[in-house]
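Trainee: Here it is, the structure in full.
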């Protein structure tokens, strides 16, 4: 996969299930790939060296949600204030 374009975004999250439970990670930017797919890029959680953006691990089920779509529990996981719709 090659990235053709990166577009910054705000208030979007990658929400998924892992063996350890639900995860909610902030999406830093949208990327358009050479296959014309749009994927969310996440900040590298390992922070090895220079900060970088990484594509989410597709091993687990996940979706993208806007801040206003997150449940109260998901907001807590993301470290965000819960916003009622």
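Trainee: Could you check the range 1-11 and list, in sequence order, the residues that are over 20 Å from residue 36 (Cα atoms) and touching a residue at least 24 places away in the same chain (Cβ under 8 Å)?
Mentor: Selection gives 11 alone.
Trainee: Another question about this same structure. How about the range 1-22: which of its residues are touching a helix residue (DSSP H, G or I) at 6+ places or on another chain (Cβ under 7 Å) and crowded, with 17+ Cβ neighbours inside 10 Å?
Mentor: 13, 15
Trainee: Determine the pairs where a residue that is modelled with pLDDT of 90 or more, located within the range 57-85, has a partner that is part of a helix (DSSP H, G or I) with Cβ atoms under 7 Å apart, the partner being 6 or more residues away or on another chain.
Mentor: 70/78
Trainee: Same structure again: Residues that are modelled with pLDDT of 90 or more, at least 3 per element: which strands (runs of 3 or more DSSP E) completely within the range 1-44 meet that?
Mentor: Per the criteria, 3-8, 12-18, 21-33.
The values are calculated or read from the model by the stated rules, or taken from the named source; none is laboratory data. Source: prediction; values computed, not measured. Positions of Cβ are generated from backbone atoms using ideal geometry, with glycine treated the same way; all protein chains shown enter the neighbour counts.
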